[in-house]
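Presented below is the structure to which this report refers.
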Amino acid sequence: MKKTSPYISFFLVLFFVFFAFCFSSLAFGQATLPQDEVEALNDIAKTLGKENLFSEEKDVCSSSEEEQSGSSCMMLKGNQTTVVICNCSYADSTLCHVTSLCVKRQSLPGQLPPELVRLPYLQQIDLTYNLLNGTIPKEWGRMTNLTFISLGGNRITGSIPKEIANISTLQVFVVEFNQMSGKLPPELGNLSQLQRLQINSNNFTGELPATLAKLTSLQIVQLADNQFSGKIPDFIQSWTNLQQLVIQGSGLSGPIPSGISVLEHLNDLRISDLNGDENSSFPQLKNMSMKNLILKSCNINGTLPTYLGSMTSLQTLDLSFNKLTGPIPPQYESLITRLVAYMYLTGNFLTGDVSEAWINTANRKHYLDLSYNNFSISQSQDNQGCQDENTNLFASSLTRNDTGKVSCLESIVCSKTSYSFRINCGGRKVTINGKTYDDDTDEGGAAKFYHNENTNYWAFSSTGNYLESKTPPNYIPSIESSTLSLNNNNDAELYTNARASPVSLTYYGFCLGNGNYIVDLHFAEIVFTHDQTYKSLGRRIFDIYIQGNLVRKDFNIAEEAGGIGKKVIKSFNASVINGTLEIRFYWAGKGTTAIPQKSIYGPLISAISVYRDHRSGISTAAVVGIVVAVAIIIILLIFGMLWWKGCLGKRNSKELKGIDLQTGMFSVRQIKIATNNFDIINKIGEGGFGPVYKGKLPNGTIIAVKQLSSKSKQGNREFLNEIGMISALQHPCLVKLYGCCVEGDQLFLIYEYMQNNSLARALF
């Protein structure tokens with residue numbers, strides 16, 4: 001027999017391998033979608049607002065479940081935006097069915113398609129980051145195989161249809177960053193398999209339904225930026241599998257439920273800006289492995305719990321703007337110096353010493369903010385200024401010098417009194433219409449105080465970090481290329497850059513002359529885009545405080561300006577009485593936080609202009625002169641009145657039962673009873689005349705009692721002058737004189753009690 005050539009054998013084998021490969025490929029290629037599903041996809045594309053979004057052929061499937069490692073829209077690779085995932089294991093691998101429909105970041109302008117019900121095997125819907133409007137179709141409630149619905153970052157309105165609760169298999173429900181409203185349907189409590197509920201940044205109202213207590217499979221709950229009412233419900237303790245809870249700016253009130261202590265899997269807790277004034281004790285979190293703990297502006301009182309010092313998993317600790325008292329426990333030293341990346345204790349009533357070890361930590365990746373507290377700062381620490389490495393010490397102690405400046409600015413000498421300052425926030429020094437705006441280009445930081453010694457007398461203090469940011473934080477954003485409406489303005493340089501902050505940003509002016517000022521705040525939304533993409537859907541909302549007073553709540557730049565990329569200037573009146581001026585911008589948990597990408601939120605300011613208010617018709621000096629002249633005349637007339645009333649020359653006259661008379665006679669006994677024998681607790685101030693006490697008459701009237709001090713240089717004549725002045729002048733902004741007391745060498749004046757700070761504060 002003739003032997004076969006080894007070369008021929010090799011080619012025969014290669015031929016059979018190639019034939020087998022082609023046959024198997026042909027067999028796989030025969031797996032196609034049913035025609036009705038292909039037609040359904042075409043109709044879905046039209047409703048979404050883009051025809052030919054999917055292939056019209058039966059091989060429309062972008063990939064199989066095996067290729068997508070579990071058939072999840074969250075597993076999309078690279079820049080994939082449109083993916084149809086199919087299961088092709090039916091009919092001996094010749095038939096496919098659509099199981100996941102993922103259309104993301106396409107800015108589709110249509111509506112949510114009811115036609116999705118024509119895909120009977122559909123398990124996942126992801127339409128995140130588009131421009132879809134309308135409501136969630138009730139028909140979706142018939143899709144009983146669904147496990148995943150994500151509709152975040154659209155323009156969806158209306159309420160959550162109760163029919164959604166019919167999808168018993170649903171595990172993920174995300175509708176964050178939309179415009180939905182109404183109350184949550186109680187039927188949601190039937191979704192027993194639900195693991196993620198994310199409804200941030202909508203307009204949902206009402207109390208949380210008690211039926212939500214049945215959702216024991218929940219792992220992530222995000223309720224931030226809504227208009228809910230009522231208290232945080234106690235039933236959250238039934239969510240025993242919970243890992244993340246976000247309740248920031250939700251509309252809910254405190255206190256924080258004590259039952260939160262049983263959620264042993266919780267590692268990310270963010271509660272902030274609760275409504276109401278009810279105080280809350282610090283929640284018991286001792287047995288948890290917390291990574292992020294944010295309890296900001298929650299009316300928490302008491303002292304810092306020592307157990308946090310042993311919570312080695314902590315990376316971010318934010319307890320700012322509460323009512324915490326006492327010292328920082330020594331157990332916190334390891335947190336501050338080695339473990340926690342960010343610690344914010346801003347805006348409390350903490351006392352005690354500040355350890356040099358906390359400030360001079362070797363690892364400069366740790367940030368500590370102690371601003372706005374009552375610490376005892378040493379002279380050496382004061383000499384170091386308001387910022388030491390990554391520690392913000394601005395206004396961290398009560399001590400102020402004679403100029404009204406906070407103690408850490410004591411080294412700055414006010415060589416002259418200033419009556420204006422202007423800042424190009426986040427930008428370089430510019431001159432606009434003859435007015436020079438100082439540069440403000442410091443890169444900022446998580447716990448940052450900045451003062452440029454070469455500029456006029458102002459500084460800023462910034463608190464907070466962008467928690468979800470995966471890139472280096474940008475505290476000085478620049479105008480987006482698609483935001484062009486500012487380019488034609490002659491002051492466009494003021495709006496090219498801006499200063500941003502994740503939580504709180506305070507500009508502080510000092511060495512100012514006392515008086516009335518106008519504060520012009522320049523804004524422009526330059527981060528969101530001015531186009532027809534999902535990047536235009538962001539909402540930036542924050543609060544504005546001037547001199548500690550809330551002047552604008554829920555301020556939205558784009559709404560105030562009439563659109564993105566447009567400027568708006570808001571003017572406010574301010575009174576400077578101690579040479580200083582504070583302008584604070586504060587994020588209270590409102591607005592979107594992930595458009596156009598994660599960690600876009602919080603205050604944004606383009607420029608500040610502060611100048612003296614010259615609009616008052618008559619000067620302060622003229623007012624004083626007129627008042628003094630009138631008072632001298634009236635004093636001559638008042639002597640006789642005082643003699644007749646009993647405040648001069650009469651001792652122990654009749655006691656007054658009430659305060660019907662404009663000026664009456666009180667006895668020392670009455671005054672002692674009213675002030676609880678001049679209890680130090682009732683002491684509310686002291687001036688050149690003497691101490692002032694708060695008191696209460698038998699009829700319930702609250703009074704202020706001014707006592708002539710034995711150390712005072714003032715005597716009877718000054719005593720009479722004051723009676724004459726106050727009795728003669730009647731004005732809503734002036735306290736009323738109820739009467740006086742003269743017994744022996746004891747002299748008293750009894751005034752109407754004026755709440756809410758001083759007379760000067762009320763006048764201005």
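The values are calculated or read from the model by the stated rules, or taken from the named source; none is laboratory data. Fair warning: this is a prediction, and the values are worked out from it, not measured in the lab. So basically every Cβ, Gly included, is an ideal-geometry build from the backbone, and we count neighbours across all protein chains shown. Ligands, DNA and RNA are excluded from the accessible area calculation, which covers all protein heavy atoms including side chains. Shrake-Rupley method; radii C 1.70, N 1.55, O 1.52, S 1.80 Å.
Overview of results
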{"item": "Residue count for segment 178-206, restricted to those that are open to solvent by less than 20 Å² (accessible area, probe 1.4 Å), of a type outside the set (S, T, N, Q) and outside any loop (DSSP other than H, G, I, E, B)", "result": "5"}
{"item": "Members of segment 416-444 that are of a type in the set (S, T, N, Q) and either under 14 Å from residue 509 (Cβ atoms) or part of a loop (DSSP other than H, G, I, E, B) (or both)", "result": "417, 418, 420, 433, 441"}
{"item": "Subset tally (residues that are among the polar types (S, T, N, Q) and crowded, with 20+ Cβ neighbours inside 10 Å) for segment 94-105", "result": "2"}
{"item": "Extreme residue, surrounded by the fewest Cβ atoms within 10 Å (Cβ to Cβ), among residues of segment 271-280 that are without any contact (Cβ under 8 Å) to a residue 60 or more places away in the chain and of a type in the set (D, E, K, R)", "result": "277"}
{"item": "Exclusive hit being out of contact with any strand residue (DSSP E or B) (no Cβ under 9 Å at 6 or more places or on another chain) and either closer than 18 Å to residue 503 by Cβ or not aromatic (Phe, Trp, Tyr) (or both), set 567, 598", "result": "598"}
{"item": "Subset of segment 474-491 (residues that are at pLDDT 85 or above and not β-branched (Val, Ile, Thr))", "result": "474, 475, 477, 478, 491"}
{"item": "Residue 261 part of a loop (DSSP other than H, G, I, E, B) and surrounded by fewer than 21 Cβ atoms within 10 Å (Cβ to Cβ)", "result": "no"}
{"item": "Sole residue being out of contact with any helix residue (DSSP H, G or I) (no Cβ under 6 Å at 6 or more places or on another chain), open to solvent by 30 Å² or more (accessible area, probe 1.4 Å) and modelled with pLDDT of 95 or more, chosen from 609, 619, 571", "result": "571"}
{"item": "Members of segment 113-126 found to be within 18 Å of residue 46 (Cβ to Cβ), in a loop (DSSP other than H, G, I, E, B) and either open to solvent by 10 Å² or more (accessible area, probe 1.4 Å) or not aliphatic (A, V, I, L, M) (or both), listed by number", "result": "113"}
{"item": "Hits in segment 454-474 (condition: in contact (Cβ under 8 Å) with a residue 40 or more places away in the chain and in a loop (DSSP other than H, G, I, E, B))", "result": "457, 464, 465, 466, 467, 468, 469, 470, 473"}
{"item": "Failed condition for residue 164, given (1) open to solvent by less than 10 Å² (accessible area, probe 1.4 Å); (2) in a loop (DSSP other than H, G, I, E, B); (3) more than 18 Å from residue 219 (Cα to Cα)", "result": "(2)"}
{"item": "Selection from segment 32-55 of residues that are under 21 Å from residue 135 (Cα atoms), part of a helix (DSSP H, G or I) and open to solvent by 20 Å² or more (accessible area, probe 1.4 Å)", "result": "42, 43, 46, 47"}
{"item": "Test set (1) on the phi > 0 side of the Ramachandran plot; (2) in contact (Cβ under 8 Å) with a residue 40 or more places away in the chain - residue 326 fails condition number", "result": "(2)"}
{"item": "Every residue from segment 127-151 that is within 30 Å of the chain's Cα centre (by Cα), in contact (Cβ under 8 Å) with a residue 60 or more places away in the chain and surrounded by 22 or more Cβ atoms within 10 Å (Cβ to Cβ)", "result": "127, 129, 130, 132, 150"}
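Yes/no per residue for (1) farther than 23 Å from residue 600 by Cα; (2) open to solvent by 50 Å² or more (accessible area, probe 1.4 Å):
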site	(1), (2)
208	yes, no
211	yes, no
227	no, yes
246	no, no
